[in-house]
Amino acid sequence: MANADMKNSLKKQMLKITLVPLTLMTIAIVAISASIVQKSITDQIKAELIHDAELVGFIFDEFYEGEFHIEEGEGENDYEIYKGEQLLNGKDTLMSKLSRIQNIDVSIFYNDTRLLTTLVDENGNNAVGTKAATVVKKDVIEGGQPAFYDNVIVHDTKSFAYYKPFFDENNKVIGMIAVCRSGADVQQQVFHYVLPVVGVCIVVALFFGFIMVKFNGKLAEKIHNMDRYMNKLANGEFDSEMPRELMATDDEIKSLATDGKKMAKALKMLVEFDALTELNNRRSADKKLEEIRIKAVEMGMKYCVCIGDIDFFKKVNDTYGHEMGDVILKSVADKLKKGMTGKGFVARWGGEEFLLIFENRELDIANRELSMILDDVRTIYIPKTDKQVTMSFGITALVPGESTDESLNRADTNLYAAKESGRNQIICK
């Protein structure tokens, strides 16, 4: 029998084929969606930071006349940054307002050092005096060009930042205006937009996964049932019923099932029937004998067993050839089949011998019916001759409790007696 729980069963394979690609597709969609959302938000933040930096510069220009310039203070490494005549160090009220309104942090650098900033760490320590990253110094201070970064360290925090250089009256870069936003805030924003996409993808994947698993499960079950049916055929159970669900849908499974039924019929004809006479062969006759033995014991049904033999059949073959012998065998088989219709079972027992089983009959009744069959056989003549075909029969009743071999031996003994006492007759006892 087919094993539905085998390690590499088709059902498990189809489940893998269904779920693995679906899972990978879902992961790919989520990853691509997250990447697209991240790129979109990064571009948006870049545009906003550039706008904010320009806005800060514009506001400083509006509120403070003149150019940026740096003067040394009284202490070591102490610098004062001016916009025109206005000292900006410590005067961060305007920058604080901009920071709160725009949700950004603003810094003003002298060279790469913060002289003015709204940045504070988690302990509230101001970032004045801290340095810009080396890459920022190289790109903005030394290169003289504004630059945007989506993963720069600002005051020990990964941030999105835009740096814009400012120049003195000699058009020399002396510092930068920087605006930045915490990378954690940006990631939270990305997560906020990606989460619904992930949710939708998971729901859709579960929906289609359920449908595909359901469909593939039914398909695998059909194939499993087909496999079980074919195993029955392999074990000689040619009368096994084809599972109805295999024939329910007009598809390849139904076509395969139809071919299976045809194959079962062809195998049954090949294995259980004699090709020449189209009667059941000895193999199927043995099975039938065992069935009736069991019924005789369990149900008390009465059977009669008969063995018949064509008289002088060897002379027919020797005189007229084997082809004529086949014609005679076929003619006799047709008469026997016709005579046993509704009475029981007939099979070619071997060579010119035939087995007849009369079902649910007393021996005297079976004997009378057999006499009529013999009369019908006597109507057969060898073609183009006046030679009549006759048969000899030995018939006996099946005794409950005895083996089929015992019944067959008694019938065979009766047949031998019919042959020895002149042929063309029935011996019944």
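What follows is calculated from the coordinates using simple rules that are stated; it is not laboratory data. Predicted, not measured: the structure shown is a model, and the values here were computed from it. In this analysis, Cβ positions are derived from the backbone assuming ideal geometry, glycine residues included, and neighbour counts consider all displayed protein chains.
Okay, here's what the table says:
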item: Cβ-placed point charges (K, R +1; D, E -1), dipole of the chain about Cα centre in debye, nearest 20; result: 3880 debye
item: Relative contact order %, the stretch 274-428, counting alpha carbon pairs below 8 Å whose residues are six or more apart; result: 30 percent
item: Taking the chain and dividing mean pair separation by its residue count, relative contact order in percent (alpha carbons under 8 Å, at least six apart); result: 11 percent
item: Filter on K315/K387; K335/K384; K315/K338; K330/K384 - keep pairs with C-alpha separation over 22 Å; result: K315/K338
item: Value of [θ]222 nm, deg cm²/dmol, for the chain, DSSP H segments ≥ 4, -39500 (n - 2.57) each, nearest 500; result: -17500 deg cm²/dmol
item: Where Cα atoms sit under 22 Å apart: lysine pairs in the stretch 114-242 separated by 8 or more or lying on different chains; result: 13
item: Net charge, I373 excluded, C-beta distance under 11 Å - Lys, Arg +1, Asp, Glu -1; result: +3
item: At R0 = 30 Å, FRET efficiency that the Cβ-Cβ distance of E241 and D364 yields, to 0.05; result: 0.20
item: Length gained when the stretch K16-N125 is fully extended (0.36 nm per residue, less Cα-Cα span); result: 33.6 nm
item: Förster radius 41 Å - calculated FRET efficiency between R283 and F210 (Cβ-Cβ, nearest 0.05); result: 0.25
item: Distance in nm between pseudo-label sites at Q189 and E420 (7 Å out along the Cβ direction from Cα); result: 11.5 nm
item: V173/I32 FRET efficiency (R0 35 Å; Cβ-Cβ; nearest 0.05); result: 0.30
